[in-house]
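I have placed the structure first, in the form of structure tokens, so that the comments after it can refer back to it.
The values are calculated or read from the model by the stated rules, or taken from the named source; none is laboratory data. Just so it is clear, the structure is predicted and the values come from calculations on it, not from any experiment. No Cβ is skipped: glycine too gets one built from the backbone with ideal geometry, and neighbour counts run over all protein chains shown.
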Amino acid sequence: MKSLYKNIKGTKDILPKDCYNIKKIEDFIHKILQSYGYGEIRTPFFETTNLFIRGIGESTDIVSKEMYSWIDQGGYNLTLRPELTAPVIRAYNQHQLSAISPITKLYYLSSLFRRERPQKGRQRQFSQFGVEAIGSEYPEQDAEVISIAHNVFKSLKVDNINVRINTIGSADIREKYIQELKKSLNKFSNDLSETDNKRLKNNALRLFDSKDPTCQKILDENAPFIYDYISDKDLNHFNKVLELLDSLNISYNHDKKLVRGLDYYTNTTFEICSESLGAQDALCGGGRYNKLVEQLGGKPTAAIGFAAGLERLLIVLNNQDKCQPIDIYIILIGEKSINKGLLIAEKLRNKNLSVNVEMLRRSMKSQMRDANKLNAKFTIMLGENELDKNEIIVRNMVSRKQDKISLDDIYNFTFIKNQE
Ligand code: AMP
């Protein structure tokens, strides 16, 4: 069958079987994040474009080339959110959440939009779950945030995960370091790609995110590490984070090249990767952003968070082969059974059972075949002869045991839920 229209490149239709499996993972994520005392926040899908320009930084890839922005009929410049930290901090400031408590722990699980080149694990509409812990400057908060991300992947039994961690120190050393970095790399300008030359000029720290092997080789051989420029206070903070991770039995690699792309990061940066993912191997990324609350109009407030891609998690879990279970399939035989069938189905659904009712007036044999295909745990057969005698047949599709019971007894029958 041909369709006149197709979904947009980089987006995906998620069909019922996959929705069922995704929902199960989502429920699990909600449960874990709530178990740390984080409360869910939902912000609008679009915001004023300036929020992202100010929050993420003009020279980042996201802002310079990946945002879906438009001017609406009222003349407002709007953008489909490409990340959630800036909107969450906008909401934190707007609703004065700091007045409720000196510490605010929030989490989200929702869709984002970036006009990137689609490939495995990279879409233009994708979902992230993440946390933002706002209010504490202490290393125990860093350790908690990293351990939440780690715990989600561990509890879901994701294999081969690798925690990479670094610190980029406070914002005040950045300018000095970037000057040094530029000095050491300017002479390689001819060997760098156009994109990397742009990065060198506008946002040299981002060169570390380059996927170009030549650039990485030049960095390896020539670039100073920001880690070597940080203050003693920042170094102590970082060492305490590592000590706490040790005591939580979380292994990590200190990767001095991990600086992460967005302008708002300060101090701790981290990523959790999985070898099973291929080129786009990052499951999650995060870090401290002690300046963002202030940058968006609030009082100076320390904060740290992470964001993790749901689609990449689903790729590594690779367990999307289960069907949405159905408890009961009601087989209707003859027109007289229709009214009764619909009524019984409604009443059983009120008892927290999932019930499918025949809608195609098919033969009993093909209804039975359909019930098998849908893995129904029970069928209820409403035949005209039985209905005349006020009877009904219930069949356990697993044990194949069949009972003829009176119509009224159906609501007292013990149906075991399908746990598929
Ligand atoms: P970021 O917000 O860029 O730090 O990304 C955080 C996480 O979101 C990454 O580690 C990925 O797991 C996921 N992610 C980022 N961009 C995409 C994308 N275009 N498609 C799917 N997942 C993504």
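The table that follows gives values for the structure above.
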{"item": "Matching helices (runs of 4 or more DSSP H) fully within segment 242-351 where at least 2 residues are more than 12 Å from the ligand (Cβ to nearest atom) and crowded, with 21+ Cβ neighbours inside 10 Å", "result": "292-295, 336-349"}
{"item": "Residue check for Phe188: closer than 30 Å to Trp70 by Cβ and hydrophobic (A, V, I, L, M, F, W, C)", "result": "no"}
{"item": "Restricting segment 202-241 to residues that are not in a helix (DSSP H, G or I) and not β-branched (Val, Ile, Thr), the residue that is surrounded by the fewest Cβ atoms within 10 Å (Cβ to Cβ)", "result": "Lys211"}
{"item": "Residue that is within 25 Å of Pro82 (Cα to Cα) and surrounded by fewer than 22 Cβ atoms within 10 Å (Cβ to Cβ), where the choices are Glu180, Glu194, Glu137", "result": "Glu194"}
{"item": "Helices (runs of 4 or more DSSP H) fully within segment 1-105 counting 3 or more residues that are in contact with a Ser or Thr (Cβ under 6 Å, 6 or more places away or on another chain), surrounded by fewer than 17 Cβ atoms within 10 Å (Cβ to Cβ) and charged (D, E, K, R)", "result": "none"}
{"item": "Cβ pairs under 8 Å, 6+ apart, first in segment 139-151 and over 13 Å from Leu242 (Cα atoms) and touching a residue at least 60 places away in the same chain (Cβ under 8 Å), second in a helix (DSSP H, G or I) and of a type outside the set (S, T, N, Q)", "result": "Ile148/Ile32; Ile148/Leu33; Asn151/Ile32"}
{"item": "Of residues in segment 5-39 being of a type in the set (Asp, Glu) and over 30 Å from Ile71 (Cα atoms), the one nearest to the chain's Cα centre (by Cα)", "result": "Glu26"}
{"item": "Boolean, Asp191 is touching a residue at least 12 places away in the same chain (Cβ under 8 Å), farther than 16 Å from Ser59 by Cβ and not aliphatic (A, V, I, L, M)", "result": "yes"}
{"item": "Matching option when the condition is touching an Asp or Glu at 6+ places or on another chain (Cβ under 7 Å) and within 21 Å of Asn290 (Cβ to Cβ), among Thr60, Thr104, Thr79", "result": "Thr60"}
{"item": "Meets criteria (without any contact (Cβ under 8 Å) to a residue 12 or more places away in the chain and either within 23 Å of Val241 (Cβ to Cβ) or not aliphatic (A, V, I, L, M) (or both)) for Arg117", "result": "yes"}
{"item": "Cross-chain or 6+ apart pairs with Cβ under 7 Å, segment 49-61 first and under 20 Å from Tyr76 (Cα atoms), then at pLDDT below 90 and of a type in the set (Gly, Ala, Ser)", "result": "Glu58/Ser64"}
{"item": "Answer residue from segment 181-203, given it is farther than 19 Å from Ile226 by Cα and among the acidic types (Asp, Glu) and is farthest from the chain's Cα centre (by Cα) among those", "result": "Asp191"}
{"item": "Options Ile168, Ile178, Ile161: the member that is within 16 Å of the ligand (Cβ to nearest atom) and over 25 Å from the mean Cα position of the chain (by Cα)", "result": "Ile168"}
{"item": "Matching residues, segment 99-116, being farther than 15 Å from Gly37 by Cα and hydroxyl-bearing (Ser, Thr, Tyr)", "result": "Ser110, Ser111"}
{"item": "Filter pass, Phe126 being hydrophobic (A, V, I, L, M, F, W, C), buried (at least 16 other Cβ atoms within 10 Å of the Cβ) and within 12 Å of the ligand (Cβ to nearest atom)", "result": "yes"}
{"item": "Condition check for Ser274: closer than 26 Å to Leu313 by Cβ and touching a strand residue (DSSP E or B) at 6+ places or on another chain (Cβ under 8 Å)", "result": "yes"}
{"item": "Unmet criterion (only one of (1) outside any loop (DSSP other than H, G, I, E, B); (2) modelled with pLDDT of 95 or more; (3) among the aliphatic types (A, V, I, L, M)) for Leu360", "result": "(1)"}
{"item": "Single condition Gln119 does not satisfy, out of (1) surrounded by 17 or more Cβ atoms within 10 Å (Cβ to Cβ); (2) at pLDDT below 95; (3) within 16 Å of the ligand (Cβ to nearest atom)", "result": "(1)"}
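Residues checked against (1) modelled with pLDDT under 95; (2) at positive phi:
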site	(1), (2)
Ile146	no, no
His150	no, no
Lys157	yes, yes
Arg164	no, no
Gly169	yes, yes
Arg174	yes, no
Leu181	yes, no
